[in-house]
Amino acid sequence: MSEPKSGAAKGVIGQRLPLVDARKKTTGEAVYTDDIRLPNTLVGKILRSPHAHARIKGIDTSRALALPGVAAVVTGAENRANFGVLPISKDETALAVDKVIFVGDQVAAVAAEDEEIALEALGLIQVDYEVYPAFLQPEDSLKDVADPAHKIHARTVGETNVHKQVDQHFGDVDAALKDARIVRRGHFEFGSVTHAFTEPHCVIARYDTDGKLTLWSATQVPHYVHRALVEVTGLPMHAIRVIKPMVGGAFGGKSDPFPHEMAAALLSMKSGRPVKILFDREEVFLSHHGRHPTKTDIAVALDRDGKISGLDLKVLIDGGAWGSFGVVTTYYNGVLSAGPYDVSNFRYSGKRVYTNKPPCGAMRGHGAVNSRFAFEVLLDEIAEELGEDPCELRLKNFLPEYTTTINEFRITSNGIAEGMLRAMERSGWKEKYRQLPPGRGIGAACGFYISGSALPIHWSKLPQSTVHLKIDMDGGVTVHAGTADIGQGSDTMLAQCVAQVLGLPMSRLRVYTADSDMDPVDLGSYSSRVTFMAGNAARRAAEQIRTELIEAASRLTGYPAEGFVLEDELVVYTPLPRIRMSYMEALTEALADRGALIARGSYQSPPMGGKFKGAAAGLSPTYSFQSYISEVTVDEETGFVKVEKVWAAHDCGRALNPIAVEGQVEGSIHMGLGQLLSEQFRYHDGNVLNPNLLDYKTLSAKEMPEVECILIESGDPEGPFGAKECGEGPLLPILPSVANAIHDAVGVRIRRLPVTPEDILQGIQKNRMERSDVAAKIRVA
């Protein structure tokens, strides 16, 4: 022990750190599901439906089973168990039972010695179909179905194909619209987009001779996969192990338990050998679970004080063939639309319908992107009609911090106004808006998103996240958690939270996650929940270990525990006389006569929200806020849009790792620009026409604009070290901010996404014709 050195390091929180798995990923050392090689593994392949909607009259698998090299064949008739990510909407089966409901639906699965044999076996399976009428447009699914057998699912609203209907009304919207200074209405249409992640779906199932099933899968939600396997296989939960290897992108597209995972398990149980199913790119597109297409009607009212007095929203949501997260989607399209503004009257009517198309599900910014676009564009139109600055109009209407919204969301920290002011300053907004030359424009928009859902999907008293720590004589800290790192850096975040509390370098931390046999339960990587919930759990576990180390130091020195702190691998007594001992000295004392230090931390959201139906939807311990300004160039001869630069202000509470936060912001902008400018599923009679990365147009690196990230640190009082989400909220404002910039550049308002060069040219031509007509009327007058 000796005197401490001055200038102690401030720890790892707030430092620009490489992710803990960065070297493994960049050198090829990382192990993804397809990299795993088990002895005697069979190749699994899936027979898919050629019809959008048809009854299965019969399946003959005898010829496939007779093919040498085929080990097992399973069909839906052998396992009719239902499952789904939401307990209230379990409408999926491992393989189609009685009928198929979209082109690409799983009909049968084969396990064979190699891929060539498996594919040949699929061709030998004979399926007799009776083709049913297909419901391909959401409007068709609103109508009563004449023949009950033709309903896509039995459990719907009445005799329709409506999956979920939500109606909410707060205040008096009709009165607000009637008394308003100005009301703007709009109809918006949004195509379906998908995640386009790099790694395709892949799963390996191994059913051992001891009756234990192990499943490796590229998933965001190992816990929900675990639950679904119990329902489908009939095995007890303790006899099933789920492991998530490295995941090569997900963005919500791997947040369901999937039929192919269930099929792999059934094939392995039937054959007694490991089975691997690896999707090709077309199968990934058919599996889909991307953003829902919506048709949105919206009205926004401003009162005579310039305050948003009314928001009226009606949304028709095309859910595709399955429920997935659709009940949540239906709520989110409405309840997340009002923030970040202080809206005094709000009404929402949403309907999600089943259609005979690939299923939609959760995608980055789940449920909030399309309604946000419509609201932000109408706010811009209102500002234009009133002759006001659209940024100033927004500043006048922002929610304050520490308040409650009209639908009883609890708002804690809120840095949106700071973000808007800083984005305006950095972008030179006042000098550019309405002052750039023709073809150049600048636009603004804002956003608001949850930091995890306050209400878990499965209602129980179990924590939403739990983290275990272990420290033994080597001095390394082992972190065990059920969290799923899908590239967003959650393993790094856990290590940082623990290292900061214990005053240790990141090199002492080792993180093991997403193995149901080894790690405690976490609900998964979705709804931007992991940093807030698992980060808090990790911090709490580390605080228990810190207490034990300090008590050990107190015993060794005789000084009271209250005076000690941990920093720079030291345990320091800060009052005079200032002394210090090494971390290893304190640890050795703490281990004496007891062995390894073990700690557990957990997180459960505090009670919050209203008592009305659907009050829990959209509730979160805290919310992120965004203010974006985008500058564009529009070629008036071709209609092509080039996004030049984006000033992206994001209130993340506190940037635990600024380089990771910036990466999330930039990735969100890339994904949002794809939806705005180029990405869309194209269909013909239920067939996806562009199920590959050549015909489904994502943005290239060359098309990405310069992004200036402005990180706003509002310091959330309940977040780990003040942090809140940064993985989804940053996507919301990029679409409308660019759309508003396009209008500033060429005067074209956008009502349908994606917007094409043809749409821009038609808008320019329409504006020219309208100006010409006005001029002609003036000449006549």
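Under 13 Å from the Cβ of G367, count the other residues' Cβ atoms, weight Lys and Arg +1, Asp and Glu -1, and hand me the total.
Taking every other residue near G367 into account, the sum is +4.
Using Cα-Cα distances under 8 Å and only pairs 6 or more residues apart, what relative contact order does the range 70-163 have, in percent?
21 percent.
State the percentage of accessible surface on the range 1-98 attributable to carbon and sulfur atoms; use a 1.4 Å probe and exclude ligands, DNA and RNA.
51 percent
How much of the DSSP beta bridge set in the chain is antiparallel, as a percent to the nearest 5?
Here the share of antiparallel DSSP bridges comes out near 80 percent.
Using a cut-off of 14 Å between beta-carbons, work out the net charge of the residues near P39 (Lys and Arg +1, Asp and Glu -1, P39 not included).
After counting each charged neighbour, the total is +2.
How much of the accessible area of the range 447-566, in percent, comes from carbon and sulfur atoms when a 1.4 Å probe is used?
Carbon-and-sulfur percentage of accessible area, whole number: 55.
Would you tally the net charge around A81, using a Cβ to Cβ cut-off of less than 11 Å, leaving A81 out, and scoring K and R as +1, D and E as -1?
Once positives and negatives cancel, what remains is -1.
Taking N as the number of residues in the chain, what is its alpha-carbon radius of gyration divided by 2.2 N^0.38 Å?
The value comes to 1.00.
Kindly provide log₁₀ I(q)/I(0) values, in the same order as q = 0.15, 0.18, 0.28 Å⁻¹, from the Debye equation applied to equal alpha-carbon scatterers of the range 408-460.
Calculated log10 I(q)/I(0) at the listed q: -0.63, -0.75, -1.16.
Excluding same-chain residues fewer than 8 positions from K697, which aspartates and glutamates have a Cα within less than 15 Å of its Cα?
The reachable aspartates and glutamates, counting only those whose Cα sits under 15 Å from K697, are E282, E679.
About the Cα centre, and with charges only on the beta carbon of Lys, Arg (+1) and Asp, Glu (-1), how big is the dipole of the range 628-781? Nearest 20 debye, please.
So the dipole magnitude of the range 628-781 works out to roughly 740 debye.
Over the chain, with the other protein chains present, what is the accessible area per residue in square angstrom, probe 1.4 angstrom?
Result: 38 Å² of accessible area for each residue.
Rg (Å, one decimal) plus Dmax (Å, integer) for the alpha carbons of the range 513-642?
24.3, 81
Would you report the distance distribution of C-alpha pairs in the range 75-125 as whole percents per 5 angstrom bin, up to the bin with the largest distance?
Answer for the range 75-125: a P(r) of 4, 19, 21, 21, 17, 10, 5, 2, 0 percent.
Across the Cα atoms of the range 607-746, what radius of gyration and what greatest pairwise Cα-Cα distance (Dmax) are found, in Å?
In Å, with Rg to one decimal and Dmax whole: 18.1, 57.
Placing +1 at every Lys and Arg Cβ and -1 at every Asp and Glu Cβ, with all other atoms neutral, what dipole size does the chain have around its Cα centre, in debye to the nearest 20?
Roughly 760 debye, rounded to the nearest 20.
How large is Rg/Rh for the range 14-168, to two decimals, with Cα atoms and a Kirkwood Rh?
Radius of gyration over Kirkwood radius for the range 14-168 works out to 1.12.
What does the helix-only formula give at 222 nm for the chain: each DSSP H stretch with n ≥ 4 adding -39500 (n - 2.57), the total divided by the residues, and the result rounded to the nearest 500 deg cm²/dmol?
It comes out at -9000 deg cm²/dmol, rounded to the nearest 500.
Treating the range 231-317 as a set of equal point scatterers at the Cα positions, no solvent, please give the Debye-formula log₁₀ I(q)/I(0) at q = 0.21, 0.22 Å⁻¹.
-1.16, -1.22
Stick to Cα atoms and the Kirkwood definition of Rh, then tell me Rg/Rh for the range 1-102.
For the range 1-102, the value is 1.30.
Calculate the all-directions average of the projected area of the range 317-393's alpha-carbon convex hull, and give it in nm².
Averaged projected hull area, Cα only: 6.0 nm².
Over the range 221-311, with every protein chain in place, what whole percent of the accessible area is carbon and sulfur at 1.4 Å, could you tell me?
Ligands and nucleic acids excluded, carbon and sulfur give 54 percent.
Please sort by residue number the chymotrypsin sites (Phe, Trp or Tyr not before Pro) in the range 355-440 whose DSSP state is loop and whose Cβ has at most 16 other Cβ atoms within 10 Å.
Y402
The values are calculated or read from the model by the stated rules, or taken from the named source; none is laboratory data. All figures in this text were calculated on a predicted structure; none of them were measured in a lab. Quick reminder, even Gly has a Cβ in these numbers, built from the backbone with ideal geometry, and neighbours come from all protein chains shown. The area values use the complete protein model at the heavy-atom level, side chains included, leaving out ligands, DNA and RNA. Shrake-Rupley method; radii C 1.70, N 1.55, O 1.52, S 1.80 Å.
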